[in-house]
Amino acid sequence: MSALWLALLIGTARGEPGDGLPALARSFFTDAVQRQGNGDWRGAALRFQKVVDLEPAYTPAWCRLGDVLAEDGRTTAALEAWEGAPYDPDCVEAAGRAELELARYDEALAHFERLSRLTSADPRVELLIGLAVLGRGDVDGAIAAVDRFLTRGSEPSADLPDLVEAIAAQLQSEPERALTLVDDAIRQQSDLAERLSAVREAFVVEVRAIEMMGAAPVALDAPQRRRLEQARRAFAEGRMDAARPLLESLRDEVTRSPEVWAALADVREAEGDIAGAEYALLLARALAPQRSDVHARLGQLLATHFGGRFDREALQAFERALEGNPDADLEWCRSELARRVGNFELMKRALANHLALAEGPPRRGMCTLPTDPAVLARDLERTRATPPVIPPVDPPEGVDPEAWLAVHRAQVHLDNDDDALALSELDAALTSQPDLVKGLNLKGHLLTKGGDRAGAVAAYERSLEVDPDQGNVMAALSELLRALGRNDEALAMRDRAAAEGSPVARFLLAQEAARANHWWEARDRLDGYFEVASSGALYAEATVLRDELEWRIRGFWGAVALTVLAIVFLPLVWMWRRRAGSPLSRLLERSPRSFREVARIVSSLRHEVLKHNVSALPGVADALEDGDPEPAMWAAERLYGKSGAIARFRRYIGELEELGRANQVALNLRHRDLVFGPLLAAMDRLAGQERRLAAGTARPADLRAISDALNQEGFRALGRLLDGVCVVQLEPSVFEAALADVLAEPAFRGTARPDWSLEVPDGLAVRVFRGDLHDILVNLLRNALEASIEAGEDRLGVRLDLEEDDITGLERVEIRVADDAPRRISTAMIRGRYIERGLGLAVDLTSRAGGSIHVEDEPGFSKAVVVRLPLAEGGST
Amino acid sequence: MRVLVIEDGSEYTETLSRFLPDGFEWVRAGSGPEGLAAVGSGGFAAVFLDMRFDRVPLDQLLGDVESTADRFNGDPVQARQFLEDHQGLFVLAALRDAGHGIPVLLSYDFDGEPRRWAKLVEKHAPVDYLPDNASPSDIAAKLGALVGG
């Protein structure tokens, strides 16, 4: 400790000079203090000496005398002066510090122990005691003194960093202990962080390096990795009974696998075995000290399961997890733990980091204490795991331990991005051990990072010469060779690396295959990757790639399945389309009133489309055979184009379909209708002839075939359709059914069946729709029956006759419904505005059918209402 | 052969002239009265007679709408349509009433009405028919047979 510092310290500790002294002594004291302030040590010493001579009990004068003598370099005299006031703490402290300066540690310790008694065990004195005992070589005593200060001290002390530095210097062989001491000191006095940072960093590097040296984790082989994956899946699915035995068997097989221990910790924690989980995590940490996830898990475990008793340790674990691994959730935990240990400065910093990193709210429950008091109480009683002891790992045979440690120090520097230091350590290590493979590999990595590719290649190549079976080194070398443009060598090296089991090389090959859309190859290569990796930088990326490949492959097979289904089902759909929908007859059955519109369209098809257009096709065919193309060209003009016959044909078909839709009938004329199906097919064939017909090159045989289909068969079929849909055979049953319906009406309930004479010749048919005819007959019979009942008669007669038109030769069937009622209506009365007597419907329907209705005489009856409907001659044949 | 084509349009005349230019002369008359006049002027070996005349004015239709309307409950619209649809037969009857025995080939399909056709033949021979969809060569053949017979 410097004399100047001592002077300042003592100076600031003294009271108002000369208080309570007689005048002469005070005069000397005041003068002495002034000289002391001016640095006149000798003058001051003479005057302080006068004061003590005059007033030997005035201890401030002894102290100041000692101070100025010390300043003047007369240490022995100073000590004598300070000892003149053995009960003045300032003097005793000054004397002790002077003894420290003189390396007389026993004496110093005696002074400080007295000082401790005089100051009622001021914690700061512990530091002085620590300095003294350290001087005596008692490092443990010094550390104990620091602990006592840190435990009891609340005021900062300038002695703390001195003592910590001094102790640390003694603990080079125990860096972990030293680091703990430094960290404890920094925690107590955060302003020491900067002062002690260099010391701390050195110990951190040392501790990490030693950790790494001792870690020596053992990698799992491919089957073991598969079992680990299986266990992880079981854990994720909550099947602990499946996960635990798998992990325990793996643990027994590969005791130095950090992955297995970490996974086992998860299972144990889930099962409530917290001590077991902690033990597993401590082992995982020891085996893989660089894995931040293990540190984070340990921090989490300590923060949540022990009622807050080990928050400092948990905080350390989170801080370690955050080294080189910025993470919003971990920063949140760090802030939470900092809050719990009362370090609000740290909490502030951690929160700021969290906010800078966070993309959403923090993950809850990761490091918070339980809120259930019962759980909390149980956690406070929970015992900790006994720290595991891992057998030390010696350096590889023939490797100098110092070089080995230096390589690991380099690794730590590299992890800390302190490349220069890392390189310096490596160079030192490789100087003594030029073939140290780990050192060469690290150097290759460092040089790659620094852009010295050629140097890196040299380091890796040398490494491979020493140990040719290093897949990952080959992979790194491959990348370098590629960057240097030595592509062939690079590819060969990467293949070698993959074959050697390099996860990186296998992943890169899988990625390359995936990019080239070689999905199966990529999947195989990725399987190869997962055989050798169950964690690491590429693991997450590989998992994503595997999911993507699975998705693509599943998508491919899905597409294949769809294609197969399509191949199988398309014909079914085609068949369904052919079978779906109805023929025209369905429309006519369902909606009899559509008959007239159907008839109009069908008639137009016959007359407008077929009659004057298609009928010319045989003539066109003849002309073409005679070498005359002109009629073909003429026919083409009539058939094609927007107003051509084919377009009109299709418009009429569209009208029919529209008519069907309006009546809730989906027509399928093409596939379901025996008349229109062939017509449409033939019309399509005709449409297909457009170019050849226009060019006069159509084949006559084709035209004749089309003409036959359209103009012969189609034309006749349409005619039959027209006839068929509206022809009703006049049989007695038609009339009986109408009478039965009339008698079933409420108005005629209880009425006896009239005396009924029915004369229906065989083979007569009328051109009227069946439903219409029924309605007409019901209407006529009802009217006749009502009139007869009114007249007190019970007789009805129905007789059929034929009437022929002279000019057209058309015949009409007369349906004469006779009764005995007085003749109160006339033909005029049942037509037009005179419609009455309930015959309006019959009048309307006969008119629609092209018939007529009259009131006429009827032999044997009073009258007859006569309906005339066109005879359907075809219907009688 | 000089043939009078009585039709309300010109489709038959045009088609027949195009496809049967040799051996035939096709002369068109656009209505019943026109056809009667043409036949009256002479020089035709036969008449090719359309059945349906729905493109001529009412005064060019043979037959009486008022009396025909009785067949249709007094509806003149249906009566006119009846005259239009069967105008060929009204023209044929008028030709025969006027004393013209010229062979007539009707464009109409009587295949389904043999009894009716037989009666018409009995009344109006020489007469024959071909369905509307007959090709020009069918028409030529039928006319040849009708005139030759």
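The values are calculated or read from the model by the stated rules, or taken from the named source; none is laboratory data. Owing to the predicted nature of the structure, the values given are computational and were not obtained by experimental measurement. So basically every Cβ, Gly included, is an ideal-geometry build from the backbone, and we count neighbours across all protein chains shown. Surface areas here come from the heavy atoms of the whole protein model, side chains and all, with no ligands, DNA or RNA. Shrake-Rupley method; radii C 1.70, N 1.55, O 1.52, S 1.80 Å.
Taking the criterion of being more than 41 Å from the chain's Cα centre (by Cα) and assigned to a helix (DSSP H, G or I), the residues of the stretch A:393-408 that qualify are A:PRO401, A:GLU402, A:ALA403, A:TRP404, A:LEU405, A:ALA406, A:VAL407.
When every residue of the stretch A:464-474 is checked against the conditions, at least one turns out to be surrounded by 14 or more Cβ atoms within 10 Å (Cβ to Cβ) and touching a Lys or Arg at 6+ places or on another chain (Cβ under 6 Å).
When B:ASN73, B:ASN133 are screened for being within 8 Å of another protein chain (Cβ to nearest Cβ), touching a Leu at 6+ places or on another chain (Cβ under 8 Å) and surrounded by 19 or more Cβ atoms within 10 Å (Cβ to Cβ), only B:ASN133 passes. Taken as a whole, the condition of being of a type in the set (D, E, K, R), more than 9 Å from every other protein chain (Cβ to nearest Cβ), within 30 Å of A:VAL843 (Cβ to Cβ) and open to solvent by 60 Å² or more (accessible area, probe 1.4 Å) applies to B:ARG80. Filtered by the rule that a residue be among the aliphatic types (A, V, I, L, M), farther than 30 Å from A:LEU440 by Cα and open to solvent by 40 Å² or more (accessible area, probe 1.4 Å), the stretch A:376-403 gives A:LEU376, A:ALA377, A:LEU380, A:VAL389. Quick test for you: out of A:ALA499, A:ALA458, A:ALA476, pick the one residue that is under 28 Å from A:HIS413 (Cβ atoms) and out of contact with any helix residue (DSSP H, G or I) (no Cβ under 7 Å at 6 or more places or on another chain). Unique residue meeting the criteria: A:ALA458.
All of A:ALA682, A:ALA709, A:ALA694 fail the test of being within 60 Å of the chain's Cα centre (by Cα), under 25 Å from A:ASP622 (Cα atoms) and either without any contact (Cβ under 8 Å) to a residue 40 or more places away in the chain or part of a helix (DSSP H, G or I) (or both), apart from A:ALA682.
Looking across the stretch A:815-858 at every residue that is on the phi > 0 side of the Ramachandran plot and more than 10 Å from every other protein chain (Cβ to nearest Cβ), the one that is modelled with the lowest pLDDT is identified as A:ARG837. Inclusion of A:GLY660 among residues that are surrounded by 17 or more Cβ atoms within 10 Å (Cβ to Cβ) and either away from chain B (no Cβ under 14 Å) or modelled with pLDDT of 90 or more (or both) is warranted.
Restrict the check to the stretch A:404-420 and report whether at least one residue is more than 28 Å from A:GLU269 (Cβ to Cβ), of a type in the set (Phe, Trp, Tyr) and open to solvent by 70 Å² or more (accessible area, probe 1.4 Å). Checked the stretch A:404-420: no residue is more than 28 Å from A:GLU269 (Cβ to Cβ), of a type in the set (Phe, Trp, Tyr) and open to solvent by 70 Å² or more (accessible area, probe 1.4 Å).
A single member of B:ASP59, B:ASP22 is more than 14 Å from chain A (Cβ to nearest Cβ) and acidic (Asp, Glu), and it is B:ASP59. Among the residues of the stretch A:589-620, those that are more than 11 Å from every other protein chain (Cβ to nearest Cβ) and touching a residue at least 60 places away in the same chain (Cβ under 8 Å) comprise A:ARG590, A:SER591, A:PRO592, A:SER594, A:PHE595, A:ARG596, A:GLU597, A:VAL598, A:ALA599, A:VAL602, A:LEU605.
The requirement of being open to solvent by 40 Å² or more (accessible area, probe 1.4 Å), at pLDDT 95 or above, more than 21 Å from A:ARG848 (Cα to Cα) and away from chain A (no Cβ under 14 Å) is satisfied by B:PRO33.
When the stretch A:780-814 is limited to residues that are out of contact with any strand residue (DSSP E or B) (no Cβ under 9 Å at 6 or more places or on another chain) and within 14 Å of chain B (Cβ to nearest Cβ), the one that is surrounded by the fewest Cβ atoms within 10 Å (Cβ to Cβ) turns out to be A:ASP806.
Against the list (1) over 17 Å from A:LEU718 (Cα atoms); (2) in contact (Cβ under 8 Å) with a residue 60 or more places away in the chain; (3) within 12 Å of another protein chain (Cβ to nearest Cβ), the condition A:ASP626 fails is (2).
Residues in the stretch A:227-244 that are outside any helix (DSSP H, G or I) and touching a residue at least 60 places away in the same chain (Cβ under 8 Å): none.
A:ALA70 - would you say it is of a type in the set (A, V, I, L, M) and touching a Phe, Trp or Tyr at 6+ places or on another chain (Cβ under 8 Å)? Against the criterion (of a type in the set (A, V, I, L, M) and touching a Phe, Trp or Tyr at 6+ places or on another chain (Cβ under 8 Å)), A:ALA70 does not qualify.
Every condition in (1) crowded, with 19+ Cβ neighbours inside 10 Å; (2) part of a helix (DSSP H, G or I); (3) within 60 Å of the chain's Cα centre (by Cα) is met by A:VAL665 except one, and the failing one is (2).
Only one of the listed residues (B:GLY88, B:GLY63) is buried (at least 19 other Cβ atoms within 10 Å of the Cβ) and on the phi > 0 side of the Ramachandran plot. That residue is B:GLY63.
One residue stands out among those in the stretch B:96-126 that are of a type in the set (A, V, I, L, M), more than 10 Å from the chain's Cα centre (by Cα) and not in a loop (DSSP other than H, G, I, E, B): the one that is nearest to the other protein chains (Cβ to nearest Cβ), which is B:LEU120.
Which pairs do you get when a residue that is under 16 Å from A:ALA219 (Cβ atoms), found in the stretch A:245-266, comes within reach of a residue that is among the aromatic types (Phe, Trp, Tyr) and surrounded by fewer than 24 Cβ atoms within 10 Å (Cβ to Cβ), reach meaning Cβ atoms under 8 angstrom, with the pair 6+ apart or on two chains? What qualifies is A:ALA263/A:PHE235.
Listed here are the residues, each with its yes/no results for (1) modelled with pLDDT of 90 or more; (2) crowded, with 22+ Cβ neighbours inside 10 Å.
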| site | (1), (2) |
| --- | --- |
| A:THR12 | no, no |
| A:PRO22 | no, no |
| A:GLN34 | yes, no |
| A:LYS50 | yes, no |
| A:ALA57 | no, no |
| A:ALA78 | yes, yes |
| A:TRP82 | yes, yes |
| A:ALA85 | no, yes |
| A:GLU99 | yes, yes |
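Within the stretch B:73-91, is even one residue of a type in the set (Phe, Trp, Tyr) and over 17 Å from the mean Cα position of the chain (by Cα)? Taking every residue of the stretch B:73-91 in turn, none turns out to be of a type in the set (Phe, Trp, Tyr) and over 17 Å from the mean Cα position of the chain (by Cα).
Yes or no, residue by residue, for (1) closer than 27 Å to A:PRO373 by Cα; (2) open to solvent by 10 Å² or more (accessible area, probe 1.4 Å); (3) not in a helix (DSSP H, G or I):
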position: A:ALA277; (1), (2), (3): yes, no, no
position: A:LEU282; (1), (2), (3): no, yes, no
position: A:LEU298; (1), (2), (3): yes, no, no
position: A:LEU302; (1), (2), (3): yes, no, no
position: A:ARG312; (1), (2), (3): yes, yes, no
position: A:LEU315; (1), (2), (3): yes, no, no
position: A:TRP332; (1), (2), (3): yes, yes, no
position: A:GLU336; (1), (2), (3): yes, yes, no
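Of the residues making up the stretch A:185-228, those that are acidic (Asp, Glu) and either surrounded by 16 or more Cβ atoms within 10 Å (Cβ to Cβ) or touching a Ser or Thr at 6+ places or on another chain (Cβ under 7 Å) (or both) are A:GLU201, A:GLU206, A:GLU211. The C-beta contact set for the stretch B:60-75 (first residue over 12 Å from A:GLY851 (Cβ atoms) and at pLDDT 90 or above, second residue open to solvent by less than 30 Å² (accessible area, probe 1.4 Å) and among the charged types (D, E, K, R), distance under 7 angstrom, 6+ apart or interchain) comprises B:LEU61/B:GLU84.
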